[in-house]
């Protein structure tokens, strides 16, 4: 995580937001491209992944008490990512990063993350993520219980099946 100041900003911001009621709700993080995010004119590919890390952390902060996760020593880990770049992010451009859980099984959460500006999708991704502890993988049921969220798992989207079989989906 190279974006420590932004992480600190997200932590403090999360202290003042109302916790989301459903884990199926989107979280939207507003960000801006700074000079250290670009090569010459455009955001570097690796920075998109760092922004996505921030989006997932903000998502977690929006649903649960982070102190509980720290106490249990649960660490969120992205295990697989498929990303589609459509339009570049430019220096000093503002954008929204939306993060949403679309499905889960007994050990993984599947999320979509989208970079958007003026209702235009600039970049989108599917992320398979889990939580690890000192004892290993934390079941998704334990995470949902710790979040105090009762959620009915949605039907599995077709693109998740394709993603799980290690074939990139045509469209996210």
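Scanning the stretch 113-139 for residues that are out of contact with any helix residue (DSSP H, G or I) (no Cβ under 9 Å at 6 or more places or on another chain) and buried (at least 19 other Cβ atoms within 10 Å of the Cβ) gives 114, 122. Residue 107: assigned to a loop (DSSP other than H, G, I, E, B) and surrounded by 14 or more Cβ atoms within 10 Å (Cβ to Cβ), yes or no? Answer is yes for this residue. Please go through the stretch 74-83 and pick out each residue that is over 13 Å from the mean Cα position of the chain (by Cα) and either crowded, with 17+ Cβ neighbours inside 10 Å or modelled with pLDDT of 95 or more (or both). Listed by number, the list holds a single entry, 74. Within the stretch 28-73, the residues that satisfy the criterion of being surrounded by fewer than 16 Cβ atoms within 10 Å (Cβ to Cβ), within 22 Å of residue 101 (Cα to Cα) and free of Cβ contacts under 8 Å to residues at least 12 places away in the same chain are 65, 67, 70.
State whether the residues of the stretch 87-95 include one that is over 18 Å from the mean Cα position of the chain (by Cα), assigned to a strand (DSSP E or B) and surrounded by 12 or more Cβ atoms within 10 Å (Cβ to Cβ). Checked against the condition, which is being over 18 Å from the mean Cα position of the chain (by Cα), assigned to a strand (DSSP E or B) and surrounded by 12 or more Cβ atoms within 10 Å (Cβ to Cβ), the stretch 87-95 yields at least one hit.
For residue 151, indicate whether it is closer than 20 Å to residue 55 by Cβ and out of contact with any strand residue (DSSP E or B) (no Cβ under 7 Å at 6 or more places or on another chain). Walk me through it before giving the result.
Values: closer than 20 Å to residue 55 by Cβ: yes; out of contact with any strand residue (DSSP E or B) (no Cβ under 7 Å at 6 or more places or on another chain): yes.
Yes.
Annotation: residue 88 fulfils all but one of (1) touching a helix residue (DSSP H, G or I) at 6+ places or on another chain (Cβ under 9 Å); (2) in contact (Cβ under 8 Å) with a residue 40 or more places away in the chain; (3) within 24 Å of residue 4 (Cα to Cα); the unmet one is (1).
Residues that are farther than 21 Å from residue 62 by Cα and either touching a residue at least 24 places away in the same chain (Cβ under 8 Å) or in a strand (DSSP E or B) (or both) within the stretch 134-154 comprise 134, 136, 137, listed in sequence order.
Can you tell me which residue among 131, 163 is in contact (Cβ under 8 Å) with a residue 24 or more places away in the chain, within 29 Å of residue 12 (Cβ to Cβ) and either part of a helix (DSSP H, G or I) or over 11 Å from the mean Cα position of the chain (by Cα) (or both)? Selected residue: 131, the only one of 131, 163 that is in contact (Cβ under 8 Å) with a residue 24 or more places away in the chain, within 29 Å of residue 12 (Cβ to Cβ) and either part of a helix (DSSP H, G or I) or over 11 Å from the mean Cα position of the chain (by Cα) (or both). Tell me whether the stretch 111-125 contains one or more residues that are at pLDDT below 95, under 28 Å from residue 156 (Cα atoms) and assigned to a strand (DSSP E or B). Checked the stretch 111-125: no residue is at pLDDT below 95, under 28 Å from residue 156 (Cα atoms) and assigned to a strand (DSSP E or B).
The values are calculated or read from the model by the stated rules, or taken from the named source; none is laboratory data. A quick note: this is a predicted structure, and the numbers were derived from the prediction, not measured. FYI the Cβ positions are ideal-geometry reconstructions off the backbone, even for glycines, and counts take in every protein chain you see.
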